[in-house]
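Peer 1: Below you'll find the structure I mean.
No lab work stands behind these numbers, since they all come straight from the coordinates. Bear in mind that the values here come from a model prediction, so they are computed numbers and not experimental data. Cβ: placed from backbone, ideal geometry, glycine included. Neighbour counts: every protein chain shown.
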Amino acid sequence: MTVKTTLSFTDRHHRFMSTKVDEGVFASQSAVVASAIENMMRDELERDIALTALADEVRARMQTARTEYVDGERAFSAARATVAAAREG
């Protein structure tokens, strides 16, 4: 479903959108805005995934004896893999 709305932009933003449409990067200014919103939604999802993975790792480390600690690269490899998988999907 498409919803019609009215938006206001600064001159700078309007010029940028118009240029991208004129260059053929986007079909319309609406497509520019939709793309920006999709990017924001993806960024927010990735941030949530990363923060959840980080919190899970912190909780796990709190239950681990100091003698069993692992280095940071190994510890966060699962979080990096989760973020990478979310970007692909």
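Peer 1: Once phi is turned into ³J(HN,Hα) by the Karplus curve 6.51 cos²θ - 1.76 cosθ + 1.60 with θ = phi - 60°, what whole-Hz value does each residue of region 60-76 show in order, with x for glycine and proline?
Peer 2: 3J(HN,Hα) across region 60-76, in whole Hz: 5, 5, 5, 8, 9, 5, 4, 5, 9, 4, 10, 6, x, 4, 5, 5, 9.
Peer 1: Sticking with this structure for a sec: Using alpha carbons only, how many degrees (0 to 90, rounded to 10) separate the axis of helix 11-22 from the longest principal axis of the chain?
Peer 2: 80
Peer 1: Quick one: dipole size for region 11-88, taken about the Cα centre, charges +1 on Lys/Arg Cβ and -1 on Asp/Glu Cβ, in debye to the nearest 20.
Peer 2: Values: 11 positive and 14 negative charges, 32 e Å.
Here the size comes out at about 160 debye.
Peer 1: So, one more: Relative contact order for region 11-88 using alpha-carbon pairs under 8 Å, separation at least 6, rounded to a whole percent?
Peer 2: Details: 27 pairs, mean separation 21.3, N = 78.
Reported as a whole number, the value is 27 percent.
Peer 1: Amide H to amide H, which residues 5 or more places from Phe26 or on other chains are under 5 Å from it, using H placed in the peptide plane?
Peer 2: For Phe26, whose amide H was placed from the backbone, the distant partners under 5 Å are Val21.
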